[in-house]
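Worksheet: one structure, shown below.
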Amino acid sequence: MRKACCLVDGLQEMKSLMLGLTFVRHGETQFNKEGLLQGQAIDCPLSEVGLQQAEAAGRYLTDVKFSNLFVSDMLRARQTAETIVKHNSSCAGLQLACDPLLKEKSFGIAEGKRVQDIKDMAKAAGQSLAIFTPPQGETQEQVKQRVKEFWLKMLRQVWCEHRGDNERSSAPYVAGEEADDLAVHALVVSHGAYLCVTMRFLVDDLHCPVPEGCSRARMFSLSPNAGVSRFVLTLTQEDEAFKVSHIQCLFVNKGDHVAT
């Protein structure tokens, strides 16, 4: 395991903390169904299928003991998170923290257009779709900066709220466990393109190994609507630096729980 990068300075009270992280993409919207880009400017609700997918995700996650809840402030993500929370008794009394840092990537003038349209725009510009930015849209690097800002904010909050709460913080994580019962476990509900950038950040910047049997292409692919990914990490303190000393992906873009 390569040494993880320094994340936050100046936190000194706790030696280590084991944290579960469950990421969920929002359920289907009518724009998803029609293959249209919705980004940030279009804040549409879940479709009937999307509501059913959110219910399925809620049932799948019903026994996970969440300690923190983070969600994009966009309607489709909030509806998904609220549906998940109502299925989970551990969420009773927890605040659902809506954060604009978790918004979907902005696709600029391409929002509301077909996915094929942005592919055509990229081709006309002589660029691959992966690096193309429509006029007035966000670049991959700009989205990554939001991912990093949320990451630091989230870890600082979790660290400060749960010092002393994690009875398993000194125990090694056992491979094969689902991590449902970790004392500290955050739910993060966001969007497809945003989560693709998040996965790259975790692998490329925090050096999370790709799970056995999973290719990098799958790791960085678009999650299905209401798809779930899960990580376990250990936060430690060395001198005055706050670091991720270990990170493991248990599964990525899991979607077999979603009703078809």
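The values are calculated or read from the model by the stated rules, or taken from the named source; none is laboratory data. Remember, it's a predicted structure, so these values are computed and weren't measured experimentally. Please note: Cβ atoms are built from the backbone with ideal geometry, for glycine as well, and neighbour counts cover all protein chains shown.
Assorted remarks:
- Checking each residue in the stretch 80-109 for being in a helix (DSSP H, G or I), of a type in the set (A, V, I, L, M) and surrounded by fewer than 23 Cβ atoms within 10 Å (Cβ to Cβ) picks out VAL85, LEU101, ILE109.
- Boolean, ALA77 is surrounded by fewer than 19 Cβ atoms within 10 Å (Cβ to Cβ) and either under 13 Å from LEU187 (Cα atoms) or touching a residue at least 12 places away in the same chain (Cβ under 8 Å) (or both): no
- Any hit, the stretch 115-128, residues being in contact (Cβ under 8 Å) with a residue 12 or more places away in the chain, surrounded by 14 or more Cβ atoms within 10 Å (Cβ to Cβ), farther than 16 Å from HIS191 by Cα and of a type outside the set (Asp, Glu): yes
- Selection status of LEU11, modelled with pLDDT under 95 and touching a Lys or Arg at 6+ places or on another chain (Cβ under 8 Å): yes
- VAL71 vs. criteria β-branched (Val, Ile, Thr), farther than 17 Å from LEU222 by Cβ, modelled with pLDDT under 95 and not in a helix (DSSP H, G or I): no
- On inspection, LEU222 passes the criterion of being hydrophobic (A, V, I, L, M, F, W, C) and under 22 Å from SER106 (Cα atoms).
- Across the stretch 55-68, the qualifying residues are those that are part of a loop (DSSP other than H, G, I, E, B) and in contact (Cβ under 8 Å) with a residue 40 or more places away in the chain, and the one among them that is farthest from LYS254 (Cα to Cα) is SER67.
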